[in-house]
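Visitor: Next up is a structure, given as structure tokens.
The values are calculated or read from the model by the stated rules, or taken from the named source; none is laboratory data. Fair warning: this is a prediction, and the values are worked out from it, not measured in the lab. Here the Cβ positions follow ideal geometry from the backbone for every residue, glycine too, while neighbour counts run over all protein chains shown.
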Amino acid sequence: MSGEELLRSRGLRVTRQRLAVLDVLDTERAHLDVEQITAKVRSRLDSVSVQAVYDVLGALSRAGLVRRIEPAGGPAHFERQTGDNHHHIVCRGCGEITDVDCAVGTAPCLEPARVHGYELDEAEVTFWGLCPACQRRRAED
């Protein structure tokens, strides 16, 4: 499905900024923060403000086209991989974010002891540690 079709299927207007942000996230296949996304969008468009990128990411997130990841103590990151209930590992050294498959079973792959009347559909888990590169740097120090 093209970016235009994808936006229309979710009831969103098709704009150059929305198409560019989707393209960046589809092309990079990474967890990017707003500054990184803005820089890459600017290479595709004449100009775009950081606020415009925030606005686009908000609309895309609400429409379920983009997933927002907010590691504690760091900026929000965004990715296109949505709806699969995967989790993340965040490196305490460099901040790299890596995808991890669902911890157990299917969505929501974890069950709390008490749900307080909620109907659960997703679990978001963040694992923390040191990536291999940071482990090597620490061993060399």
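Residue by residue, here is whether (1) of a type in the set (Ser, Thr, Tyr); (2) not assigned by TED's automatic domain parsing to the domain that holds ARG16 holds:
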| position | (1), (2) |
| --- | --- |
| ILE37 | no, no |
| SER47 | yes, no |
| ASP55 | no, no |
| LEU65 | no, no |
| ARG92 | no, yes |
| GLU122 | no, yes |
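Visitor: Which one is surrounded by the most Cβ atoms within 10 Å (Cβ to Cβ), of the residues in the range 1-42 that are among the charged types (D, E, K, R), touching a residue at least 40 places away in the same chain (Cβ under 8 Å) and under 15 Å from VAL66 (Cα atoms)?
Guide: ARG18
Visitor: Suppose the filter is assigned by TED's automatic domain parsing to the domain that holds PRO132 and either farther than 30 Å from ARG138 by Cβ or of a type outside the set (A, V, I, L, M, F, W, C) (or both); does TYR118 pass it?
Guide: Against the criterion (assigned by TED's automatic domain parsing to the domain that holds PRO132 and either farther than 30 Å from ARG138 by Cβ or of a type outside the set (A, V, I, L, M, F, W, C) (or both)), TYR118 qualifies.
Visitor: Moving on. What number of residues within the range 63-89 satisfy the criterion of being part of a loop (DSSP other than H, G, I, E, B), modelled with pLDDT of 85 or more and surrounded by 16 or more Cβ atoms within 10 Å (Cβ to Cβ)?
Guide: 5
Visitor: Sticking with this structure for a sec: Given the condition of a type outside the set (Lys, Arg), part of a helix (DSSP H, G or I) and touching a Lys or Arg at 6+ places or on another chain (Cβ under 6 Å), answer yes or no: does some residue in the range 30-48 qualify?
Guide: Looking for residues that are of a type outside the set (Lys, Arg), part of a helix (DSSP H, G or I) and touching a Lys or Arg at 6+ places or on another chain (Cβ under 6 Å), one finds none in the range 30-48, hence no.
Visitor: Please verify whether the range 87-100 includes one or more residues that are farther than 24 Å from CYS134 by Cβ and either free of Cβ contacts under 8 Å to residues at least 24 places away in the same chain or out of contact with any His (no Cβ under 6 Å at 6 or more places or on another chain) (or both).
Guide: No, because not a single residue in the range 87-100 is farther than 24 Å from CYS134 by Cβ and either free of Cβ contacts under 8 Å to residues at least 24 places away in the same chain or out of contact with any His (no Cβ under 6 Å at 6 or more places or on another chain) (or both).
Visitor: Moving to a separate point now. Given the conditions (1) modelled with pLDDT of 90 or more; (2) in a loop (DSSP other than H, G, I, E, B), and given that LEU110 satisfies all but one, which numbered condition is not satisfied?
Guide: All conditions are met except number (1).
Visitor: Right, here's the next one. From (1) at pLDDT 90 or above; (2) surrounded by fewer than 14 Cβ atoms within 10 Å (Cβ to Cβ); (3) out of contact with any strand residue (DSSP E or B) (no Cβ under 6 Å at 6 or more places or on another chain); (4) farther than 29 Å from SER9 by Cβ, pick out the condition that doesn't hold for TRP128.
Guide: (3)
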